[in-house]
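The values are calculated or read from the model by the stated rules, or taken from the named source; none is laboratory data. Because the structure is a prediction, the values reported are computed rather than measured. Here Cβ is always computed from backbone atoms with ideal geometry, including for glycine, and neighbour counts include all displayed protein chains.
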Amino acid sequence: MRLLAEIALVVVAAAGAVLCVALVPAVKWPAARRPAPRRTTPEQLAKLERLVSSAEASSLQAHAYLRPLLAEIVARRLAARGRRLESMPPERARALLGDGLWELVRPGRPFPVDRHAPGVSQPELEAMLDRLEAL
Amino acid sequence: MVAAISILLAVAAGSESAVQVSIALLALLILMRHGDRLALAPVYAGGLLIVSELAQQAIELRGVRSVAAWVVGARVARALAVAAFGAAVGAAATLAVRVAPGRSVAFTALGAAALLMALGAITWLARRQAR
Amino acid sequence: MTRAVAPRVRGLTALCGAGLIAALASGQAELAIIVLPFALLVALGLADRREPRLSATIELERERVLEGAATGAILAFRNDGDRDVTVELELLTTRRLEVQPASPLVLRVGAGAREQLELSVFAERWGAHSVGPVQARARDPFGLVIWTATIGPSVSLRVFPREQRLRELIDPARTQPFLGTHVARAKGEGIEFADVRPFMTGDRVRRINWRVTARRGTLHVTERHPEQASDVVLLVDTFAEARTGEAGTLDDAVRATTSLAKAFLARRDRVALVDFGGTLSWLEPAFGTTQLYRVIDALLASEIAFSYAWRAVDSIPRRVLPPAALIVAVTPLLDDRSLALLLDLRRRGRDLTVVEVSPLGHVAPGPRSGDELAHRLWRLQRDALRLRLQSLGIGVAPWSPDGELAPVLEGVNQFRRSTRHAARA
């Protein structure tokens, strides 16, 4: 009997103690340090990053979006040397641009028949960029 | 030894609660080892308080670049004062306990009531202060 | 000041509670005695309700500095309370200002006393900065109660952009008569030396260059540039920028614009400023040092304001874009809207030159596969854009911030001269 009473008292006291501790207000200090430097990708570049992956996945995307961009770059670089792609014989153009790039940007390239075929893979694109940079 | 290491680790981690847990651990270990615990308890109490305060101050002043004069000294002096006072009160309590009769429900009830009053008072002061 | 109870109060209370419960349960008094001092500590600490009374002042050694320079600052604190206070301080500043010694700092101020701290403020980037206020955190003597407040004033610090000295500038296509008093003297009279040539019938005697005449044995005269000024409009593109962390193309653009403004104004040209972007603001053309300070102040306030608004040339008042003015656009060419503006200006026959602030230094290729290719494609696309603008007769000076501005402007001048010759031919 006595033991039970003592245990009960101890339990009550313990509960009260826990309650008291819980009621003590605790403040969390904010860490408040400088945020890590963010990298913002300009929208111009972000668009191209999306284009590279979408042109790889779909020949339609490659034809509709990548082709005009590369064609413009080719035209400008040739124009700076006083030349035009349209006025060049195809063999000459092919030799200058390389097979992959010529196939993509040649005037009159038809719309891809199979829209779900893969487009321009990254190694192919890399080869084209190498040629462009050499122009 | 283990407790001492854990205090150092707690200070290194900068966690105030870890310090308290370590102090508790240390207290427990000290009490378990010694024979005449009652007599030495006040002394250990004072010592533990000082260790706790020093650890706390080490955590608080971490990352702070420039500390003007007096800062550390004043706090330590106060800690020593409280430790001494606490040890004195503890010594008085020790005497009272030696004189007191053995265990009984009445004393347990008294003890529980005293405990609740003490903690309740602390909680009340804390909440009053924070408002 | 705002009061808060330190986090460790809860921990200490728990410790006391645990000790007392253990003592109660086990009947060992020493468990209670050992936590007694802690309970006393907490009770004494929390019982004290006196609030510290602190005030602060901030004084800067200089209120205008150049980018990359430092100035001293004195932080003074007064404790008007009746107790010593230990206070932790954090000096709040705008970004890109570095304070030494760095926050947080700890200071102890006696009751009724005054303490001061000497700091050094280093300006990393131009702008209208502010130093202060101070975030103060005072603890009670036992470290159990924390008082926080923001005290002190906010003092402004204007940091001017770094400039590059430019000896050669872009030559305008057309000059215009000096406005005001000197029209009659404008015909061929001036003070700037142009050339020395042999004497011809009709030349005025006062223009004979005696030194050259003596050396060569035949009469020679000095030719001077006519005293004419030109209008220059500096157009800063704030639509978009490329940024890595703390530095971006706008920072470079403002520095370049400051160098250009200073050089044009030193040449006694009239300079106007247009901040063209999410927000549109401008300064009308004027001469002199006062205009330089106005331009710098306006530039200090420029920020990239994100906006979807489309702006046309017509949004800019006519008086800010004089008809014969040389327009120098300082832009990273990242936004279609700025490109549209440039093309529109060209279509209207304006004399336009572009200083292209290269974003390449601020944008590295992304981590995914294909991002490297996209980055190369981006560079090629930008090259093509530059060629396109040049084909329209717009001189483009691609400038990388770690390079010199002067050689780049020289290149543009050559381009402009060659297009003028081609146009005449």
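Residue pairs whose Cβ atoms lie under 6 Å apart, separated by 6 or more positions or on different chains, with the first residue in region C:378-389 and of a type in the set (Lys, Arg) and the second surrounded by 19 or more Cβ atoms within 10 Å (Cβ to Cβ) and not in a helix (DSSP H, G or I), are C:Arg386/C:Val396. Taking region A:92-133 as the range and being of a type in the set (Lys, Arg) and in contact with a Phe, Trp or Tyr (Cβ under 7 Å, 6 or more places away or on another chain) as the test, only A:Arg94 passes.
Annotation: of all residues in region C:141-159 being touching a helix residue (DSSP H, G or I) at 6+ places or on another chain (Cβ under 6 Å) and part of a loop (DSSP other than H, G, I, E, B), the one that is modelled with the highest pLDDT is C:Leu144. Just one of the listed residues (C:Arg8, C:Arg49) is surrounded by fewer than 24 Cβ atoms within 10 Å (Cβ to Cβ), facing chain B (nearest Cβ under 7 Å) and part of a loop (DSSP other than H, G, I, E, B), namely C:Arg49.
In region A:65-93, the residues that are farther than 21 Å from A:Leu51 by Cα reach residues that are β-branched (Val, Ile, Thr) and buried (at least 18 other Cβ atoms within 10 Å of the Cβ) with C-beta atoms within less than 8 angstrom, at least six apart or across chains, in these pairs: A:Leu85/A:Val74; A:Leu85/A:Val105. Within region C:284-301, is even one residue over 23 Å from C:Ala173 (Cα atoms), within 22 Å of the chain's Cα centre (by Cα) and basic (Lys, Arg)? Looking through region C:284-301, at least one residue is over 23 Å from C:Ala173 (Cα atoms), within 22 Å of the chain's Cα centre (by Cα) and basic (Lys, Arg). For C:Glu90, the conditions (1) within 14 Å of chain B (Cβ to nearest Cβ); (2) at pLDDT below 85; (3) surrounded by fewer than 19 Cβ atoms within 10 Å (Cβ to Cβ) are fulfilled apart from (2). Among the residues of region C:367-425 satisfying the criterion of being small (Gly, Ala, Ser) and not in a helix (DSSP H, G or I), which is surrounded by the fewest Cβ atoms within 10 Å (Cβ to Cβ)? Ranking the candidates gives C:Ala425 first. Annotation for region C:66-78: no member residue is over 26 Å from C:Glu303 (Cα atoms), at pLDDT 85 or above and part of a loop (DSSP other than H, G, I, E, B). Among the residues of region C:349-380, the ones that are at the interface with chain A (Cβ under 9 Å from one of its Cβ atoms) and within 30 Å of C:Leu321 (Cα to Cα) come to 1 in all.
Within region C:235-263, the set of residues being in a helix (DSSP H, G or I), among the small types (Gly, Ala, Ser) and either in contact with a Gly (Cβ under 9 Å, 6 or more places away or on another chain) or under 22 Å from C:Leu342 (Cα atoms) (or both) comprises C:Ala253, C:Ala256, C:Ser259, C:Ala261. Among the conditions (1) more than 14 Å from chain A (Cβ to nearest Cβ); (2) of a type outside the set (Gly, Ala, Ser); (3) touching a strand residue (DSSP E or B) at 6+ places or on another chain (Cβ under 6 Å); (4) buried (at least 18 other Cβ atoms within 10 Å of the Cβ), the only one that C:Arg346 does not satisfy is (4).
Taking the criterion of being within 7 Å of another protein chain (Cβ to nearest Cβ), closer than 14 Å to B:Val97 by Cα and modelled with pLDDT of 80 or more, the residues of region C:21-33 that qualify are C:Leu24, C:Ile33. Per this entry, C:Ala312 is counted among residues that are more than 24 Å from C:Asn413 (Cα to Cα), away from every other protein chain (no Cβ under 14 Å), among the aliphatic types (A, V, I, L, M) and over 25 Å from the mean Cα position of the chain (by Cα). A single entry from C:Pro141, C:Pro172 fulfils the requirement of being crowded, with 18+ Cβ neighbours inside 10 Å, closer than 30 Å to C:Val9 by Cβ and in contact (Cβ under 8 Å) with a residue 60 or more places away in the chain: C:Pro141. If the condition is being free of Cβ contacts under 8 Å to residues at least 40 places away in the same chain and either in contact with a helix residue (DSSP H, G or I) (Cβ under 6 Å, 6 or more places away or on another chain) or more than 10 Å from every other protein chain (Cβ to nearest Cβ) (or both), then region C:390-405 contributes only C:Gly403. Counting only residues that are farther than 30 Å from C:Phe287 by Cα and either at pLDDT below 85 or in a loop (DSSP other than H, G, I, E, B) (or both), region C:174-218 holds 9 of them. Taking into account only those residues within region C:110-138 that are within 13 Å of another protein chain (Cβ to nearest Cβ) and touching a Pro at 6+ places or on another chain (Cβ under 9 Å), which is surrounded by the fewest Cβ atoms within 10 Å (Cβ to Cβ)? In this case the residue turns out to be C:Ser120.
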